[in-house]
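Working notes for the structure below.
The values are calculated or read from the model by the stated rules, or taken from the named source; none is laboratory data. Quick caveat: nothing in here was measured; it's all calculated off a predicted structure. Backbone-built Cβ (ideal geometry, glycine too); neighbour counts: all protein chains shown.
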Amino acid sequence: MNMFSVALKMLFADPVKYIGLIFGVAFSTLLITQQGGIFAGVIARTSSLITDAQEADIWVMDPAVAYIDSVKPLRDVDLLRVKGVVGVSWAVPFYKAIAPLKTFDGVVESTLLLGIDDYSLIGAPQTFLLGALENLRTPNAIAIDRAGYLKLFPGKPMELGGELELNDRRAFIAAIVEASAPFATTPVIYTRYSQALLYLPQGRNQMSFILARSRNGNAPDDVARAISAQTGLKALSSDNFASLTQRYYMINTAIPVNFGIVISLGILVGVAVVGLTFYMFVFENLQQYATLKAIGITDRLLVAMVLTQAAAVGLMGYGIGVGSAAAFFRLAARSIIEFRGLYLSWWIPVLSFVPMFAIVVLSVLLSLRAILRSDPAAIFRGQA
């Protein structure tokens with residue numbers, strides 16, 4: 001009989017420990033994969049505004065700006081200077097601020113107010129659920145993201161024409177958009193640049209960023225370097241600015257530490273549960289392993305048998321854990337508004353395989369010593 005079949009029959013013969021081993025691996029894999037996916041999604045959300053401005057491939061800002069939420073206003077003349085750089089197809093102003101909002105039902109919220117170019121309306125999301133981009137040309141018109149609308153008007157169907165107060169000024173909902181989920185769960189409002197300036201007190205400079213597009217045939221990174229060299233401003237391609245923002249949050253916040261602690265706990269729980277359960281399984285079957293040694297089975301083959309048992313448990317538990325994590329993201333993204341946009345990237349399960357593999361290997365190492373040091377004669381005499 002094939003010894004690997006014998007190894008699997010030994011494993012399946014103890015269903016309690018077999019199920020316990022699978023549960024330990026599955027739970028650990030689920031925790032690692034789920035937390036890893038949420039972490040990747042949260043970090044991606046930090047650059048959602050950059051992602052939504054799909055027409056622009058270059059962002060221009062003050063040299064002191066370190067990430068998207070660090071705003072130091074630019075002068076109006078800077079827009080003309082950027083337009084004059086060779087390789088720039090167009091450049092438009094972009095306004096970003098936090099504004100107090102109040103509905104006529106008494107709901108008070110802080111909102112992310114974004115001002116887009118009056119003429120081209122560049123900077124708004126591409127997906128309009130109700131209304132159209134051109135509706136923003138109407139006086140006092142705003143577009144609000146779907147999640148923000150549901151938060152401000154819970155239980156009410158989406159419709160246009162609703163009125164709000166933005167910093168004690170009238171605004172009416174002319175469109176509802178599907179925007180990428182922001183880092184903070186605040187409503188996101190889009191309006192024309194000139195209209196946005198009316199909602200908040202004006203300083204000497206108002207322009208938060210400049211959105212630009214490189215001419216066909218010019219790489220955005222090359223044009224961005226030309227803008228920086230000619231104007232003294234910081235210019236980055238959209239991809240580089242998104243990476244800069246994400247890197248800032250990873251380095252300067254406790255997000256990676258918090259998720260890292262949870263993932264580490266998942267690994268420790270997996271090692272404890274799987275390791276101890278597998279050791280108990282091997283110890284209780286020590287006589288069977290000793291019998292195999294007594295009939296001439298080599299230590300190398302015994303190790304291969306144990307690895308076969310561990311691989312069966314690991315792959316089964318890993319598959320259940322990853323499948324459960326995928327189901328969580330699919331259901332949560334559909335039913336919980338705060339989880340919208342989160343999904344399980346393909347590389348998260350690939351990375352989670354590494355700690356799962358480590359858990360199984362450590363469990364095997366804890367068990368092999370008892371098998372390799374066992375003396376068949378002593379076991380048969382009942383001394384082991």
- Of all residues in region 278-302, which are in a helix (DSSP H, G or I) and more than 44 Å from the chain's Cα centre (by Cα)? L286, Q287, Q288, Y289, A290, T291, L292, K293, A294, D299
- Query: Across region 331-350, what is the number of residues that are under 18 Å from F259 (Cβ atoms), within 14 Å of the chain's Cα centre (by Cα) and at pLDDT 85 or above?
  - Reply: 5
- Query: Which residue pairs have Cβ atoms closer than 8 Å, lie 6 or more positions apart in sequence or on different chains, and pair a first residue in region 308-333 that is without any contact (Cβ under 8 Å) to a residue 12 or more places away in the chain with a second residue that is assigned to a helix (DSSP H, G or I)?
  - Reply: A332/F339; A333/F339
- Name every residue in region 66-113 that is farther than 30 Å from A171 by Cα and surrounded by 18 or more Cβ atoms within 10 Å (Cβ to Cβ), in order of residue number. R81, V82, V85, G87, V88
- Query: When you go through (1) touching a residue at least 40 places away in the same chain (Cβ under 8 Å); (2) farther than 30 Å from R75 by Cβ; (3) crowded, with 19+ Cβ neighbours inside 10 Å one by one for I122, which number turns out not to apply?
  - Reply: (2)
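Conditions (1) touching a strand residue (DSSP E or B) at 6+ places or on another chain (Cβ under 9 Å); (2) free of Cβ contacts under 8 Å to residues at least 24 places away in the same chain, marked per residue:
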| residue | (1), (2) |
| --- | --- |
| R45 | no, no |
| L49 | yes, no |
| Q54 | no, no |
| W59 | yes, no |
| Y67 | no, no |
| K72 | yes, yes |
| L80 | yes, yes |
| V86 | no, no |
| W90 | yes, no |
